[in-house]
Amino acid sequence: MQAEKAVLGTMLKEPHLINETNLQVDQFESVYHRELFKAMKELDAKGKAVDVVTLITYVNPQLFGGANYLTELQNLANEKRFEDHAKAVQDAYREKEKRNIISTAQLENWDIDSIMSELNKIQDDDVSDHSDITGLTIDVYEAPYHKVEMKKGANTGLTRLNLMTNGLQDAELTILAARPSMGKSDVMLHLAKQAGWTGYLPIIFSLEMSRVSLRDRLIASTGSFNRGKMRDPHSMLSDGQKEKWMPAINRLSETKIQIFDKSGQTLPEIRMKVRKMASQHKDRKPIIFIDYLTLIKPVENTNNMHLQIGTITKGLKAIAKEFNCPVVVLAQLSRGVEQRQDKRPMLSDLRESGSIEEDADVAMFLYRDAYYSKDDNDSSLEIIVAKNRNGAVGTVFATYNKFTGEITENDGQ
């Protein structure tokens, strides 16, 4: 019981620990503790704060002993020993379940296989990150002698970028950074469509642009419509373009793109929504896009922006690993880029922004010479892969139509 109190008290003081344990509601012995943990998990899943005030207004406080009992639990908080206390709770639960199984088996005369099967189920809830090297190497023992198709990530729609990165990879965090007006949002939407057309579930968190704006951009780039005409398609589109309208919408619908456009979303909110979408679309692996990094609302505000960004990028990397899916996050580069003769971004431009460079598996920058030269005939777009933890770096040349938002291969380079 003391371990249960310490676990819950620590979670009340450090709510991020709620998602860092595999404890289940029914593993708590006390009915009070079960109700309290259940309420804490529900609040966290809804992206709400988990504290004494929220809890006593969310459910009847008598269900878990009242407000004074919550204060008592907080006094037992001990983050350094949290894992020990959580393990003690699980061990006590398993011991109780083991006794119940053995007692029932004796009464009903179970065979040994049934007993072992039930006992093994008790241990299955203990998620382990341990692997033995011998077991790991067995899987690749004969790898040099048998051709195996390389597992590809989400298609980027650009051949050279696919060759460099092998696609957007599961469990990896990709930062897509540039100065304003370089085409970040259009590249993001291009990647989302390409992933959707190849079987992924693109989930876009647009913290600045509305869902209507994203919809219009997606239709324009899919149907090759000038974005300026999206304001009044009836009057501005030609008859030939109108014939392409429905095929473009049908083609776009095949991507299954999901959009959340609430501003100031937190990482717990993002995680909750991804989990919900993943459960509703079990036939597709999620791929997450966020526009953009500094608009993610920190759970705890501090005066240190670098620290806040570092906490967020680490949280995004954790989400990528938790859902074993790619996460692509857009980022704005500072005006420091403009001070150089060569205005192509470099990794050093990220080093002033917390631990973005450190946490990212892939860092890509966008550069358009036409932005500075004002040459309307120059449609070249450079995608600079400056960091690639598991592959090559270099520049991919593409063509960017700033009127429609389309990103296509640059056959000349």
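The values are calculated or read from the model by the stated rules, or taken from the named source; none is laboratory data. In this text the structure is predicted, and so the values were computed from the model without any measurement. All Cβ positions, glycine included, derive from the backbone under ideal geometry; neighbour counts span all protein chains shown.
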Any residue in the stretch 363-379 that's more than 18 Å from Pro345 (Cα to Cα): show its pairings with residues that are surrounded by 11 or more Cβ atoms within 10 Å (Cβ to Cβ) and hydroxyl-bearing (Ser, Thr, Tyr) at Cβ separation under 9 Å, as long as the two are six or more apart or on different chains.
-> Ser379/Thr399; Ser379/Tyr400
Could you check how many residues of the stretch 100-122 are within 16 Å of Asp26 (Cα to Cα) and either charged (D, E, K, R) or free of Cβ contacts under 8 Å to residues at least 12 places away in the same chain (or both)?
-> 2
Filtering the stretch 320-351 down to residues that are buried (at least 16 other Cβ atoms within 10 Å of the Cβ) and among the acidic types (Asp, Glu) yields Asp349
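Looking at Asp186, Asp216, can you tell me which residue is free of Cβ contacts under 8 Å to residues at least 40 places away in the same chain and over 18 Å from the mean Cα position of the chain (by Cα)?
On inspection, the qualifying residue turns out to be Asp216.
Restricted to the stretch 285-300, and to residues that are touching a residue at least 60 places away in the same chain (Cβ under 8 Å) and surrounded by fewer than 18 Cβ atoms within 10 Å (Cβ to Cβ), which residue is farthest from Gly183 (Cα to Cα)? I'd like the intermediate steps shown before the answer.
Looking only at the stretch 285-300, we keep the residues that are touching a residue at least 60 places away in the same chain (Cβ under 8 Å), and these are 285-293, 295-296, 299.
Subsequent filtering for residues that are surrounded by fewer than 18 Cβ atoms within 10 Å (Cβ to Cβ) retains 285, 295, 299.
Values: Lys285: 26, Leu295: 18, Val299: 29 Å.
Within the stretch 285-300, the match that is farthest from Gly183 (Cα to Cα) is Val299.
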Answer residue from the stretch 371-412, given it is on the phi > 0 side of the Ramachandran plot and modelled with pLDDT of 90 or more and is surrounded by the fewest Cβ atoms within 10 Å (Cβ to Cβ) among those = Gly394
Has the stretch 287-310 got at least one residue that is over 25 Å from Leu189 (Cα atoms) and small (Gly, Ala, Ser)?
-> yes
Give just the number: which of (1) in a helix (DSSP H, G or I); (2) within 28 Å of Ile270 (Cα to Cα) does Leu73 not satisfy?
-> (2)
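Would you mind stating whether Gln258 is among the polar types (S, T, N, Q), in contact with a helix residue (DSSP H, G or I) (Cβ under 9 Å, 6 or more places away or on another chain) and either more than 22 Å from Tyr200 (Cβ to Cβ) or surrounded by fewer than 18 Cβ atoms within 10 Å (Cβ to Cβ) (or both)?
Judged against the criteria, Gln258 is not a match.
If you scan the stretch 76-100, which residues turn out to be part of a helix (DSSP H, G or I) and surrounded by 18 or more Cβ atoms within 10 Å (Cβ to Cβ)?
Taking the stretch 76-100 as the starting set, the residues that turn out to be part of a helix (DSSP H, G or I) are 79-100.
Listed by number, the residues that qualify are Phe82, His85, Ala86, Val89, Gln90, Tyr93.
Examine the stretch 10-26 for a residue that is over 14 Å from Gln74 (Cβ atoms), over 22 Å from the mean Cα position of the chain (by Cα), outside the structural domain of Ala318 (by TED's automatic domain parsing) and assigned to a helix (DSSP H, G or I), and state whether such a residue exists. First the steps, then the outcome.
Going through the stretch 10-26, the residues over 14 Å from Gln74 (Cβ atoms) turn out to be 16, 18-26.
Going one step further and asking which of them are over 22 Å from the mean Cα position of the chain (by Cα), we end up with 23-26.
Restricting the remaining residues to those that are outside the structural domain of Ala318 (by TED's automatic domain parsing) gives 23-26.
Imposing the further condition that a residue be assigned to a helix (DSSP H, G or I) reduces the set to 25-26.
Yes: one or more hits.
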